[in-house]
Every structure is written in C-alpha cells, then in structure tokens.
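A short worksheet on the structure shown next.
Laboratory data are not the source of any read-out in this text; all were calculated from the coordinates shown. All values reported here derive from a predicted model rather than from experimental measurement. With ideal geometry, Cβ positions are generated from the backbone for all residues, glycine too; neighbour counts draw on all protein chains shown.
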Amino acid sequence: MIKSTVSADAVVIERTFDAAVDLIWQLWTQPEHFKKWYGPNGFTVPVAEMDVRVGGKRLICMEVQKPDGSMKMWTTGEYTEVVPNQRLVYTESMADEQGNVVTMSDSEHPTTTEVTVLLEDLGGRTKMILTHVGIPAGAGGGWEQAFAKMADHIKFVVEMS
C-alpha cells in the first residue's frame, strides 16, 4: 500500500512493506543496505557514511552516469532522533565531498531539510511513514522510486536468508 501527500513544504509517503520492522530499520541505518536502495532510478550510492546516534553525522553520495561522464550529488546531515525500530530523524543539506554544507543559489529552497521516518510493527510487516520537510511540492518522485528499489532489495534479502 502506498499513500503520498505533497504540500508546498513537505512530502509525506506512507508505505507498507512485507518485512519485519528490524529489517526496515537496518535498511535505513546500515550503509551496506542503504546503498542498495537509496536514490531515484539510475542512481547508485558509492558513499554512505552513517553514524546513527543523536548528534551523529551522515554523508551520502548519489551518482548517475550522464553522456558526458558521471555526476555526483553529495548530502550531509545530522541525526537528531534515533529510536531503534520506531523513529529516525535527520537533517539533510547539499554538501561537498568533505561534508561541508553547500548553499544553493536558489533562495526559495531551504539549505537544510528534515527527514522523519516512522516505523510501525504490523506483525511481520512494517508500516513506514516518511516525512521530508523543506522540499518543494512535486519532489516526492525520487523517494517513490527509492522505495520501489527498497521493496526489491527486501525481496532479495528475504530470499538470501
């Protein structure tokens, strides 16, 4: 089940996965899993540094191949709430590869956004609600694509176990 809500300043996506809540938590907090699903279609994640604790930093690189070579997009942030298997909140900003925040010239968009992931155990299934505050209306498509990749990764992980 997928439900999406888009407003001027937030994207909210609700999705239920056929996986236990602890696996969904691992997909969000363990770099080796995160790299397999994060980002829109066509993007890979060569770097995912994640110090998942309150005050811990994150540095993510998404890469896409273009006709004239690869393009890398770096984001950084800080974990502000960490409740295992229930709630993950972090900030996100565009960055350079050292994790220094890069201010966008487009003043309409905030330099820092906030991502909240809520997980609910449904007895072997997991309801996930993602809220990304500070991104423009219509920007949820990348998350939708990422969550489709997440569902595929879940199938792979379950088959391998």
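To the nearest ten degrees, helix 141-160 and the longest principal axis of the Cα atoms of the chain are 40 degrees apart. With semi-axes defined as the square roots of five times the eigenvalues of the C-alpha gyration tensor, the equivalent ellipsoid of the chain measures 24, 18, 16 Å, largest first.
Backbone phi angles across region 82-89, fed through the Karplus curve with coefficients 6.51, -1.76 and 1.60 (θ = phi - 60°), yield HN-Hα couplings of 9, 10, x, 6, 9, 8, 9, 10 Hz in residue order; Gly and Pro are listed as x. In order along region 59-72, phi translates into HN-Hα couplings of 9, 10, 10, 9, 10, 9, 8, 10, x, 9, x, 8, 10, 10 Hz, rounded to whole numbers, per the Karplus curve 6.51 cos²θ - 1.76 cosθ + 1.60 with θ = phi - 60° and x for Gly and Pro. For region 35-46, the Karplus equation 6.51 cos²θ - 1.76 cosθ + 1.60, evaluated at θ = phi - 60°, returns couplings of 4, 6, 10, 6, x, x, 4, x, 9, 10, 10, x Hz by residue, with Gly and Pro reported as x. Looking at this model, which pairs from 36/66; 35/72; 66/155 are more than 26 angstrom apart at the alpha-carbon? Result: 66/155 exceed 26 Å.
Charge tally around residue 132: other residues with Cβ under 12 Å, Lys/Arg +1 each, Asp/Glu -1 each, net -4.
Here the relative contact order of region 2-160, from alpha carbon pairs under 8 Å that lie six or more residues apart, stands at 29 percent. Based on DSSP H segments of at least four residues, each scored -39500 (n - 2.57), the chain has a per-residue ellipticity at 222 nm of -7000 deg cm²/dmol.
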